[in-house]
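Peer 1: Quick one: this structure, given as structure tokens, is what I'll be asking you about.
Bear in mind these aren't lab numbers, they're just calculated from the coordinates by the rules spelled out. Computed from a predicted model, the values in this text were never measured in an experiment. Using ideal geometry, Cβ is built from the backbone for each residue, glycine included, and neighbour counts are taken over all protein chains shown.
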Amino acid sequence: MKLTAFAARLFFSAIFFFACATVRGEVRTNSYGLRVVTDIRDYMAQVKESPDLAMVDARKVIPSIKVDLKYAGTHNLLGKKLYTWARPLVRKQVAERLRRVQEDLSKEGLGLKIYDAYRPYNITVELWRGKALKPEYLAPPRLGSHHNRGAAVDVTLVDAQGQELDMPSHFDDLSERASHNFKNASPSALANRRKLGTTMCRHGFVGLSNEWWHYRTEDAEKFDILDIPFMEF
Ligand SMILES: [Zn+2]
């Protein structure tokens with residue numbers, strides 16, 4: 001009997017090992033038909049092959065950058081804390097672009113403040129399901145967000161003391177005030193929005209018409225969508 005039980009265990013262990021071995025290194029598509037990297041070992045294998053894919057803390061590359069991750073607190077769309085152990089993570093190449101933006105801004109006594117950077121894919125799904133919003137304000141789970149790819153940031157401008165400059169709206173204000181086309185704000189707010197936009201675009205970022213704070217890199221689509229907790233990087 002004992003031998004039979006041992007043989008059975010060996011058999012099922014072999015099946016389990018085979019199953020694991022076959023999925024290792026493969027990135028599967030999820031129920032939305034989207035390719036999502038969910039295992040840190042798959043991410044690490046990709047980085048080993050292409051070191052530029054590494055996710056880095058923007059503060060390590062740009063020590064002067066300010067950070068206030070809105071989804072790590074409760075001042076956000078859902079009014080609840082969505083991130084734990086959050087860090088402002090972006091792909092290495094994205095951090096380098098941000099460093100050049102920061103260098104440009106520093107010549108005028110200004111700098112960047114990050115409201116959001118990498119967002120695990122499951123948080124995008126939660127945001128989508130969590131509140132009835134106009135679809136143009138959120139990335140649908142079937143597409144994912146450029147934040148999920150580590151290739152988008154939500155940013156604003158700060159002065160030399162780290163104080164936020166006047167902008168036409170607050171972060172995540174989903175009214176017409178958040179649009180780049182909104183004109184009915186103070187001249188300084190309009191000028192600040194324009195300065196942020198021209199500086200970001202000079203270094204390879206692309207804006208989003210209805211959110212003045214959101215920028216992705218021109219090549220954002222080349223990065224895989226990730227659904228890996230912050231603490232694992
Ligand atoms: Zn964004």
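Peer 1: Can you pull the three principal axis extents for the Cα set of the chain, in Å, largest first?
Peer 2: Largest to smallest, the principal-axis extents are 84, 38, 27 Å.
Peer 1: Taking only Cα atoms, what is the 0 to 90° angle, nearest 10, from helix 2-23's long axis to the longest principal axis of the chain?
Peer 2: 30 degrees
Peer 1: Of LEU165, ALA189, THR217, whose Cα points farthest to the positive end of the dipole of the chain (charges on the beta-carbon: +1 Lys, Arg; -1 Asp, Glu; origin at the Cα centre)?
Peer 2: Value: THR217.
Peer 1: Between TRP128 and ARG194, 0.36 nm times their residue separation minus their Cα-Cα distance comes to what? Please list the in-between numbers first.
Peer 2: Details: separation 66, 0.36 × 66 = 23.76 nm, distance 2.92 nm.
Extra length from TRP128 to ARG194 when fully extended: 20.8 nm.
Peer 1: OK, next. Full-extension gain between GLU176 and GLU49, please, as 0.36 nm times their residue separation minus the C-alpha to C-alpha distance. Numbers along the way, then the final one.
Peer 2: Working: separation 127, 0.36 × 127 = 45.72 nm, distance 4.36 nm.
Stretched fully, the GLU176-GLU49 segment lengthens by 41.4 nm.
Peer 1: Roughly how tilted is helix 40-49, in degrees to the nearest 10 and between 0 and 90, from the longest Cα axis of the chain?
Peer 2: Relative to the chain, helix 40-49 is tipped by roughly 70 degrees.
Peer 1: Which order do the peptides 89-99, 148-158, 222-232, 205-215 take when ranked by the mean count of other beta-carbon atoms within 10 Å per residue, highest first?
Peer 2: 148-158, 89-99, 205-215, 222-232
Peer 1: Please list the non-local residues whose amide H lies under 5 Å from the amide H of VAL158, H modeled 1.01 Å from N, same-chain partners needing a gap of 5 or more.
Peer 2: GLY111, LEU112, LYS113, LEU165
Peer 1: Apply the a/c threshold of 1.5 to the C-alpha gyration tensor of region 96-233 and tell me whether it is rounded, prolate or oblate. All intermediate terms of the calculation are to be shown ahead of the outcome.
Peer 2: On the way: a/c = 1.97, a/b = 1.32, b/c = 1.49.
Since a/c reaches 1.5 but b/c is at least a/b, the shape of region 96-233 is classed as oblate.
Peer 1: Too long at a 29 Å Cα-Cα cut-off: which of LYS60/LYS81; LYS81/LYS183; LYS92/LYS183; LYS66/LYS92?
Peer 2: On the way: LYS60/LYS81 24 Å; LYS81/LYS183 32 Å; LYS92/LYS183 35 Å; LYS66/LYS92 18 Å.
Beyond 29 Å between Cα atoms: LYS81/LYS183; LYS92/LYS183.
Peer 1: Nearest 10 degrees, 0 to 90: what angle lies between the long axis of helix 187-202 and the longest principal axis of the chain (Cα atoms)?
Peer 2: In the chain, helix 187-202 runs at an angle near 50 degrees to the longest axis.
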